[in-house]
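Peer 1: Dropping the structure in here first, questions after.
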Amino acid sequence: MSIITIATSKGGAGKTTIARLILGRLSLSGLRTAAVDADFNHTLTDWVRTASKHAITVENELDETQIVSVVSRLHDAHDVVVVDTAGAAAQATIFAIGCADLVLVPIQTSSADIVEAIKTVNLIKSASLMMKRDVTARVIMTAYQPGTNISAHIEKEVAKAELPVMEIKLHRLVAFQEMSFTGLVPTSGLAGLQCMNLLDEIQALGALPEPVKLAS
Amino acid sequence: MAKKDLASVTTDLSALASMMPTQRPVVAAPRAVEQPVELRALKAVPKPTQEEEGVIQFSLSMRKELRKQLARLASDADMTMRAFVLNALKEKGLSVREDDLVDLRRERR
């Protein structure tokens, strides 16, 4: 019964990777998972339909006049709905934010990622004000390279911009890239651990149906 | 976690959303209905052509990334970037006619 939207107006920040991780891992835990793919590139839809070995329902919906009803319908029949949005500001993204219990805003290590993340977080704040309810937003670092100057710099910039940030950082790992071909979400090694920690943190934010026993 | 009521989301956020570009697939304009023979003889009042109104060049500066996104969105909508921008402005109330959206590149070829 929870809706997680993944949004940033920057393309290639890791939205679909996060969507795959959440959906795949939760489906392994026995939850009924569904995805709404609002991205022109329909990468998530293609992955679910052609590669994924997980039980995930997916619908590709670009039309902003339809997105709320599609999310609502899937929400009725699934435990978790993940909405993957386009890498550009669009009307559908606003409505997807409006549906969400949690909005994850991925950023990689570039200044454009931070600029777009700030815009997206501001958009979420505006949506919260207009709906008169808080939508929880968290920035999540992806393709993170520990020990590098660029990653340290990005962390500083995120702090300076006072963006609400997830503790978990998804590292630049081959296992996350392999997922697009194997159709399997990593369950072991560092990638598996980071995936688990991501879901633990999402659960702590109250954005997963409780109690969820996450598969180890 | 209780089931959420999403009924008000569209209403609450429509003003905010209206400031953003649409992702709705562009629907092709309906084909013109063929005129009855008796009406074909009547001469239609000619619309002012773009030449008569004076077509001007208008350049636009934007970040490289935005330009890339525009090219991609226009390509996805099977439109030229010019037509894509004009179409978006039409939704904001600009008086854009069908002939304004014609791909001028094809005419020049």
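The values are calculated or read from the model by the stated rules, or taken from the named source; none is laboratory data. Worth saying up front: this structure is predicted, and the values here are computed from it rather than measured. Don't worry about glycine lacking a Cβ; one is built from the backbone with ideal geometry, like all the others, and counts go over all protein chains shown.
Peer 1: Pull up region A:84-101, narrow it to residues that are among the aliphatic types (A, V, I, L, M) and more than 9 Å from chain B (Cβ to nearest Cβ), then point me to the one that is nearest to A:L208 (Cα to Cα).
Peer 2: My answer is A:A100.
Peer 1: Another question, if that's okay. From A:T8, A:T50, A:T57, which residue is touching a helix residue (DSSP H, G or I) at 6+ places or on another chain (Cβ under 9 Å) and at pLDDT below 95?
Peer 2: The conditions single out A:T8.
Peer 1: Right, another one. Go through (1) within 9 Å of another protein chain (Cβ to nearest Cβ); (2) within 16 Å of the chain's Cα centre (by Cα); (3) under 22 Å from A:M141 (Cβ atoms); (4) of a type outside the set (D, E, K, R) one by one and return the number of the condition A:A112 breaks.
Peer 2: It is condition (2) that A:A112 fails.
Peer 1: Any idea which of (1) more than 13 Å from chain B (Cβ to nearest Cβ); (2) closer than 22 Å to A:R20 by Cα; (3) touching a Leu at 6+ places or on another chain (Cβ under 8 Å); (4) not basic (K, R) is the one A:V81 doesn't satisfy?
Peer 2: Status for A:V81: all satisfied but (1).
Peer 1: How many residues does region A:166-187 contain that are over 16 Å from the mean Cα position of the chain (by Cα), of a type in the set (V, I, T) and not in a loop (DSSP other than H, G, I, E, B)?
Peer 2: 2
Peer 1: Go through region A:63-74 residue by residue and tally those that are more than 14 Å from B:A17 (Cβ to Cβ) and either among the polar types (S, T, N, Q) or at the interface with another protein chain (Cβ under 7 Å from one of its Cβ atoms) (or both).
Peer 2: 3
Peer 1: In the set A:K10, A:K15, which member is within 14 Å of chain B (Cβ to nearest Cβ) and charged (D, E, K, R)?
Peer 2: Criteria check complete, one pass: A:K10.
Peer 1: Look through A:T136, A:T142 and report the one residue that is within 14 Å of another protein chain (Cβ to nearest Cβ), under 24 Å from A:A204 (Cα atoms) and either at pLDDT 95 or above or in contact with a Phe, Trp or Tyr (Cβ under 9 Å, 6 or more places away or on another chain) (or both).
Peer 2: A:T136
Peer 1: Okay, next question. Which condition does A:V115 not pass, out of (1) β-branched (V, I, T); (2) at pLDDT 95 or above; (3) in a helix (DSSP H, G or I), if it passes all the others?
Peer 2: Condition not satisfied by A:V115: (2).
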